[in-house]
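To start, the structure under review is shown below, and the notes come after it.
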Amino acid sequence: MQLLLPYHFYPEVVAFCALAAGGYALGLRRMVQAGERPGVGAAIAWFTGVVLTYGVMHTYLDYLSQYMFWVHRGQHLVLHHLAPFLMVLGAPHRVLPYAFPPAARARLGAVLRHPVLRWPYRTVQHPLIAPVLFVGLIFFWLDAEIHFDAMLSIDLYRVMNASMVIDGLLFWWLIVDPRGRHAGGLGFGVRILLLWAIMIPQIMLGAHIGLADGVLYDVYAVCGRAWPISPLTDQQIGGLITWIPAAMMSVIGALVVFRLWLRESMQPEPAVANGAKA
Amino acid sequence: MKYPARIAAAALLVIGAVLLNGCAEEEPWNLRDVSGLMPELEFELTRAEDEQTVTEAAFDDKIKVMYFGFTSCPDECPMTLARLSQALGQMDEEDADQVRVLFVSVDPERDQPERLAKYVDSFGERFVGLRGGIPDLRELTKRYRSTFGHGKPDDSGFYDVSHSNATYIFDRDGEIQLLGREDDDIDGIAADLERLVESDGW
């Protein structure tokens, strides 16, 4: 039981997970009441993502992540890759609006479409900027000096983990958004390019860490490790996690994109073609 | 056209302030400057030499160097303490006396008061041995974002203890200032400690 208790209490993690789970559950219920059929697989993906996020942040795993480099890399793999990927597969754009009453939904839509929010969103989601942000964040927090401070200051540590979740949700939503280019989404070919673009630097970084001869991150020696383990072994496993499963996520992402692509190409051409014929 | 002009003026002011600030930056320390990254010193532990309960208040007017270790430690702990001892030896007698090294044992079972007191005494009179229950130690190490773990005992009953290899250096007010690491050179440690003694309070 002790293992399920948080090592450090983070109100922001509790709030995020509670809102994500509660909002989605409410949305599902109202959706069914409205006669719509939500996807079972999508719901499972969403809740799995939420539970994973909570699990790596608010259990004994968070303790291990603070005091073992390779567990920390695993934590970030979940926070930045796996959990947000699963959450966006949960079709939040269909379910979450139902969590609000119709009037509030319309108002919320207007707020979200307001230029003040829309412009920054379009900027960070630009196909040239989004992959730079995704990879840049990984490199930024793995810079030896910055990593050192983040592991010493609990506030920086929280900012680091939150940035991973937020960027993960933004990036993976860009990739698995079911709307094709005609409906305002990103072209499927571009998405494949983005996945490739984030994979290469992650492989290089993971290899750099995993194959390094010396200890790159001495902060774990400074803080003490969760159990006695050779610093190089710790670093090598951490490098492998940054390298292989992180790169594999691009492959899995590509499979989802191909499926969306195939589905779109099998549907009749939308409005534009019809209009041309008429 | 009024607004862009104002925005440009504001931007220039900000840039100017940043540049000025950059110039005014103080000379770097030899050890890692970690001021502001961690909370101020706070503990309640047992002093090994007299088995009295002490808090950080007992060292209020001193520069405090805190280190977590254990007396059966084969290399790291004696090395670190010896280097601190050497650094203190290089300093002015008066300045060195403004410093206390707090050696906190994270192996209270083996480090009984007598053994701990004898151990720290071998490094000099400015070394203080502190011990406490595991929960207190967990709380203190967590406060400084550090941890410790006990390995499995071997056939002769010896077990390894993983612990922080850093020394946490606090000013007289108990504010964290510097973090000492294994590869810091002794002259650098002495110079930084002198600087803390002189810059602070008197």
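The values are calculated or read from the model by the stated rules, or taken from the named source; none is laboratory data. What you see is a predicted model, and the numbers here were worked out from it, not measured in a lab. Note that we place each Cβ from the backbone using ideal geometry, even for glycine, and neighbour counts take in every protein chain shown. When the accessible area is computed, the model is the full protein with side chains, heavy atoms only, and any ligands, DNA or RNA have been set aside. Shrake-Rupley method; radii C 1.70, N 1.55, O 1.52, S 1.80 Å.
So which residues in the stretch B:73-101 are hydrophobic (A, V, I, L, M, F, W, C) and within 17 Å of the chain's Cα centre (by Cα), if there are any at all?
B:CYS77, B:MET79, B:LEU81, B:ALA82, B:LEU84, B:ALA87, B:LEU88, B:ALA96, B:VAL99, B:VAL101
Among the numbered criteria (1) closer than 25 Å to B:PRO74 by Cα; (2) within 14 Å of chain A (Cβ to nearest Cβ); (3) surrounded by fewer than 22 Cβ atoms within 10 Å (Cβ to Cβ); (4) not basic (Lys, Arg), which one does B:GLU139 miss?
With (1) closer than 25 Å to B:PRO74 by Cα; (2) within 14 Å of chain A (Cβ to nearest Cβ); (3) surrounded by fewer than 22 Cβ atoms within 10 Å (Cβ to Cβ); (4) not basic (Lys, Arg) applied to B:GLU139, the lone miss is (1).
Of all residues in the stretch A:124-160, count the ones that are within 14 Å of chain B (Cβ to nearest Cβ), open to solvent by less than 20 Å² (accessible area, probe 1.4 Å) and touching a residue at least 40 places away in the same chain (Cβ under 8 Å).
Final tally of qualifying residues: 5.
Take A:ALA103 and decide whether it is more than 14 Å from chain B (Cβ to nearest Cβ), surrounded by fewer than 12 Cβ atoms within 10 Å (Cβ to Cβ) and either farther than 22 Å from A:ARG181 by Cα or at pLDDT below 95 (or both).
Yes.
Across the stretch A:1-13, which residue is surrounded by the most Cβ atoms within 10 Å (Cβ to Cβ) among those that are in contact with a helix residue (DSSP H, G or I) (Cβ under 8 Å, 6 or more places away or on another chain) and of a type outside the set (Phe, Trp, Tyr)?
A:VAL13
Hey, among the residues in the stretch A:35-79 that are of a type in the set (Phe, Trp, Tyr) and within 14 Å of chain B (Cβ to nearest Cβ), which one's surrounded by the most Cβ atoms within 10 Å (Cβ to Cβ)?
The extreme case among them is A:PHE69.
Step by step: first the residues of the stretch A:212-229, then only those that are facing another protein chain (nearest Cβ under 7 Å) and in contact with a strand residue (DSSP E or B) (Cβ under 9 Å, 6 or more places away or on another chain), then the one that is most open to solvent (accessible area, probe 1.4 Å). Which residue is that?
So the residue we want is A:TRP227.
How about the stretch B:144-165: which of its residues are in contact (Cβ under 8 Å) with a residue 60 or more places away in the chain and surrounded by 16 or more Cβ atoms within 10 Å (Cβ to Cβ)?
Selection gives B:TYR144, B:ARG145, B:SER146, B:PHE148, B:VAL161, B:HIS163, B:SER164, B:ASN165.
Which ones in the stretch B:149-167 are at pLDDT 90 or above and within 7 Å of chain A (Cβ to nearest Cβ)?
Answer for the stretch B:149-167, where residues must be at pLDDT 90 or above and within 7 Å of chain A (Cβ to nearest Cβ): just B:ALA166.
Of the residues that make up the stretch B:91-109, is at least one touching a strand residue (DSSP E or B) at 6+ places or on another chain (Cβ under 8 Å), away from chain A (no Cβ under 12 Å), among the aliphatic types (A, V, I, L, M) and open to solvent by 20 Å² or more (accessible area, probe 1.4 Å)?
no
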